[in-house]
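Read through the structure below, which is laid out as structure tokens, and then see the notes.
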Amino acid sequence: MFIRPATATDRAAIDALLIRSYPVLLAADYAPHELAPALPLMTRARPELLESGTYYVVEDGGAVIGAGGWTRDAGDPMLGHIRHLVTDPRQLRAGVASWLMYHSFDAARAAGVRRMECWSTRTAERFYQAVGFRTVGPLDVRMGDQVSFPAIRMERALEA
């Protein structure tokens, strides 16, 4: 396995990973009426992330088995945001998501970021707690004009 920055050429592989993962993993924690409108928006790689240099893929044998990263907050240069983390359901608990998080923390810290925030799904809250985030509270994430998805706002300090 290795990790590298994502590029636009990874879009199809990340889309396929998101489609394999999110419907399966989120189904236990979200009602069908919550998932149905959100999944078409959540299961597409975001071009701005693929071009950011701070969004990464984990590959194993040429297959993308994980993706995720961070971006700096537009208004606060000391704040970073975890972005669009996904792991292949067949690779859960194999360290893929943790590797992406710690790689992101190291890169963000090197860029001068001192705090991280994420908008977690209900499903991932315990994972984020395990990598040092604390739960702040519920959050409705707006996706376009008509979709609101229930999430959990979490934050974590980055040590210097």
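Looking for whichever is touching a residue at least 12 places away in the same chain (Cβ under 8 Å), more than 25 Å from Val58 (Cα to Cα) and not β-branched (Val, Ile, Thr) here; the options are Gly137, Gly132. Which one fits?
Answer to the check: Gly137.
Only one of (1) at pLDDT 95 or above; (2) closer than 22 Å to Trp99 by Cα fails for Tyr30. Which number is that?
The number of the failed condition is (2).
Between residues in region 34-58 that are in contact (Cβ under 8 Å) with a residue 40 or more places away in the chain and residues that are aromatic (Phe, Trp, Tyr) and outside any helix (DSSP H, G or I), which pairs lie under 7 Å by C-beta distance while being six or more apart or on different chains?
The qualifying pairs are Glu34/Phe149; Ala38/Phe149; Leu49/Tyr55; Thr54/Trp70.
Need at least 3 residues that are open to solvent by 30 Å² or more (accessible area, probe 1.4 Å) and over 26 Å from Ala31 (Cβ atoms) per element, so show me which strands (runs of 3 or more DSSP E) inside region 47-160 make the cut, counting only ones lying wholly within it.
Correct list: 147-157.
Among the residues in region 144-160, are any within 21 Å of Arg46 (Cβ to Cβ), free of Cβ contacts under 8 Å to residues at least 12 places away in the same chain and not small (Gly, Ala, Ser)?
Within region 144-160, one or more residues are within 21 Å of Arg46 (Cβ to Cβ), free of Cβ contacts under 8 Å to residues at least 12 places away in the same chain and not small (Gly, Ala, Ser).
When residues of region 8-33 are filtered for being of a type in the set (A, V, I, L, M), out of contact with any strand residue (DSSP E or B) (no Cβ under 6 Å at 6 or more places or on another chain) and either surrounded by 15 or more Cβ atoms within 10 Å (Cβ to Cβ) or touching a residue at least 24 places away in the same chain (Cβ under 8 Å) (or both), how many remain?
7
The values are calculated or read from the model by the stated rules, or taken from the named source; none is laboratory data. Just so you know, these numbers come straight off a predicted model, no measurement behind them. Cβ: placed from backbone, ideal geometry, glycine included. Neighbour counts: every protein chain shown. Protein only, heavy atoms only, side chains kept; ligands, DNA and RNA dropped before computing areas. Shrake-Rupley method; radii C 1.70, N 1.55, O 1.52, S 1.80 Å.
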